[in-house]
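Colleague: Shown below is the structure under consideration.
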Amino acid sequence: MKAKRYAFLLGMMMAVLPAAFSESVPGVFLQEGGWLWSEKDGVMSATVKMSEGTAISVETTGETDASGNPVAKTKEAEYEGSKGKTLTFAQVKYDGKSYWSISNRFTMKKKPAVLVEDCAMYNTKNLADVVNGHLDIGSGIAVGETVKATGGIDITEVSYYSERLYAVRTVYVKSSKISTELDDITAFRILDKVAKTSDMDKKQALFESTETLRMSDKVRTAVQKAREETFAPEEEAPAGPDTADESGTDSSDEE
């Protein structure tokens, strides 16, 4: 009798083991203008619009995949306007609240960062393995490990959201082109707001808000350049060609 009881208890423990060891891991949302969703009656509705490079936490099953990466807790669900179609959503937390994110819009176990220069991308740790295209200054990214490339140059594994692929892509970039400082990240988010408003007073107020930030030299230079370009005086249109005279007749002496 005792043996059966112990077997029953052991079975119950095994059944709840994955849930007992589930955990949240740090993550970074990577799609600019992407959404976090709320679920109601089995249908997802877009709730919070996000900026690329925003820190979140991701709920996991407590298991790992073949590469040793945590497995996010996911579900298939319809979404507003889907007409019965479904997507895979992962459970996440942002600003202390629980939401769902489309499963290929974020990465896990990396830190938010921003690019402080335009930069080339590399598929591997070999700098000769260049990716076609580049990433722009101010792009919100997620950073992983930093390693030495050929020639002793530091390169860092980064993830970003590719609008062309509709998925997160992981590459390497030179570490000198990255900042993980919160004030640098904030400065570029302010510049993004400046670009999106046409109100010159609001632009001025946004630039003034950067003055309280402790920015790195490269970011301070980028902010100053954007400020000068925003408030540069408009150039006057060049004057047209001179006419002979107001009457349109030749001004040479008549015979």
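Colleague: How high is the relative contact order of region 99-230, in percent, counting Cα pairs under 8 Å that sit 6 or more residues apart?
Modeller: Normalised by residue count, the contact order of region 99-230 is 22 percent.
Colleague: How much FRET efficiency would the formula 1/(1 + (r/R0)^6) give for K85 and K193, where r is the Cβ-Cβ distance and R0 is 30 Å, rounded to 0.05?
Modeller: Working: r = 34 Å, r/R0 = 1.12.
E between K85 and K193, to the nearest 0.05, is 0.35.
Colleague: Near Q204, within a Cβ-to-Cβ distance under 12 Å, what is the net charge of the other residues, with Lys and Arg +1 and Asp and Glu -1?
Modeller: Spelling it out: positives minus negatives among the neighbours equals -1.
Colleague: Here's another thing I want to ask about it. What number comes out for the charge environment of D129, summing +1 per Lys or Arg and -1 per Asp or Glu over other residues with Cβ under 14 Å away?
Modeller: +1
Colleague: A follow-up question, please. Determine, from the Cβ-Cβ distance of K93 and T146 and an R0 of 35 Å, the FRET efficiency 1/(1 + (r/R0)^6), rounded to the nearest 0.05.
Modeller: The computed FRET efficiency comes out at 0.80.
Colleague: If you don't mind, there's one more thing I want to ask. I need the trypsin sites (Lys or Arg not before Pro) found in region 70-105, filtered to DSSP loop residues with at most 10 other beta carbons within 10 Å of theirs.
Modeller: K83, K85
Colleague: How high is the relative contact order of region 169-237, in percent, with contacts defined as C-alpha pairs under 8 Å that are six or more residues apart?
Modeller: Reported relative contact order: 33 percent.
Colleague: Right, something else. Would you pull out the residues with amide H under 5 Å of L127's amide H, same chain only if 5 or more places away, H placed 1.01 Å from N?
Modeller: When sequence neighbours closer than 5 places are left aside, the close amide H contacts are T150.
Colleague: To the nearest 20 debye, what is the magnitude of the charge dipole of region 164-220 about its Cα centre, counting +1 on the Cβ of each Lys and Arg and -1 on the Cβ of each Asp and Glu?
Modeller: 420
Colleague: Can I ask one more? Give me the Kirkwood hydrodynamic radius of region 48-146, using the inverse of the mean 1/r over all pairs of distinct Cα atoms, in Å to one decimal. Write out the running numbers ahead of the final one.
Modeller: Working: mean 1/r = 0.0630 Å⁻¹.
It works out to 15.9 Å.
Colleague: For region 120-208, what is the charge dipole size about the Cα centre, in debye to the nearest 20, if Lys and Arg each add +1 at the Cβ and Asp and Glu each add -1 at the Cβ?
Modeller: 240
Colleague: Another question, if that's okay. Under the rule of at least 5 residues apart or a separate chain, name every residue whose amide H is placed under 5 Å from the amide H of V116.
Modeller: G138, I178, S179
Colleague: Here's something else I'd like to know. In whole Å, what is the distance between the alpha-carbon centres of region 20-89 and region 141-191?
Modeller: Each part's Cα centre sits 22 Å from the other's.
Colleague: Using the Karplus curve 6.51 cos²θ - 1.76 cosθ + 1.60 with θ = phi - 60°, work out ³J(HN,Hα) for each residue of region 206-220 in order, rounded to whole Hz, and write x for Gly and Pro.
Modeller: Along region 206-220, the couplings run 5, 4, 5, 5, 6, 5, 8, 8, 9, 8, 6, 4, 5, 6, 4 Hz.
Colleague: Right, here's the next one. For region 45-156, what is the charge dipole size about the Cα centre, in debye to the nearest 20, if Lys and Arg each add +1 at the Cβ and Asp and Glu each add -1 at the Cβ? Don't skip to the end; give the middle numbers.
Modeller: Values: 13 positive and 14 negative charges, 69 e Å.
Roughly 320 debye, rounded to the nearest 20.
Each value in this text was obtained by applying a stated rule to the coordinates, not by laboratory testing. Quantities reported herein were computed from a predicted structural model and do not represent experimental measurements. Neighbour counts are summed over all protein chains in view; Cβ atoms, including those assigned to glycine, are modelled from backbone coordinates with ideal geometry.
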